[in-house]
Amino acid sequence: TDLDLVLRSNRIKSVIITGVATNVCCETTARQAFMKDYYVLFTSDCCATYSQAQHDATLFNIDQFFGQVVTSDEIMACWPAAETKLRAVS
């Protein structure tokens, strides 16, 4: 896809990974982003798969080699204005 071009055109240097199939789709996306020199934040509580062991193994691999594993709360703490808006909607 042209996602890399779109991100670079907008001077985006970091990606936040969320989604289904922690050990397949999410991990693949994180690895590809890392290889393209993006700073990868992988959300431990916004990804899921069918096996806790597979989920945990991916989190370990990402944290060791390809990015930083964080929680959604840690990400939201970086954007207080966004957190306020989300709490107002909830």
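The values are calculated or read from the model by the stated rules, or taken from the named source; none is laboratory data. None of these values were measured; they are calculated from a predicted model. Cβ sites come from the backbone with ideal geometry, for glycine too, and all protein chains shown count toward neighbours. With ligands, DNA and RNA removed, areas are computed over all heavy atoms of the protein, side chains included. Shrake-Rupley method; radii C 1.70, N 1.55, O 1.52, S 1.80 Å.
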Note to self: Quick check on the range 70-77. Is at least one of its residues modelled with pLDDT of 95 or more, in contact with a strand residue (DSSP E or B) (Cβ under 8 Å, 6 or more places away or on another chain) and either within 25 Å of Thr1 (Cα to Cα) or open to solvent by 40 Å² or more (accessible area, probe 1.4 Å) (or both)?
What the structure shows: yes
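Here is a yes/no grid of residues against (1) part of a helix (DSSP H, G or I); (2) under 13 Å from the mean Cα position of the chain (by Cα); (3) of a type in the set (Asp, Glu):
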site	(1), (2), (3)
Thr28	yes, yes, no
Phe34	yes, yes, no
Phe42	no, yes, no
Cys46	no, yes, no
Tyr50	no, no, no
Leu59	yes, yes, no
Gln64	yes, no, no
Val69	no, yes, no
Next item on the list: Among what's in the range 51-60 and is surrounded by fewer than 18 Cβ atoms within 10 Å (Cβ to Cβ) and among the aliphatic types (A, V, I, L, M), pick the residue that is farthest from Ala77 (Cα to Cα).
Entry: Ala53
Check: Looking only at the range 33-50, which residues are surrounded by fewer than 20 Cβ atoms within 10 Å (Cβ to Cβ) and out of contact with any helix residue (DSSP H, G or I) (no Cβ under 7 Å at 6 or more places or on another chain)?
Finding: Met35, Asp37, Tyr38, Tyr39, Tyr50
Note to self: Taking the condition of being open to solvent by 70 Å² or more (accessible area, probe 1.4 Å) and either hydroxyl-bearing (Ser, Thr, Tyr) or assigned to a helix (DSSP H, G or I) (or both), how many residues in the range 7-26 meet it?
What the structure shows: 5
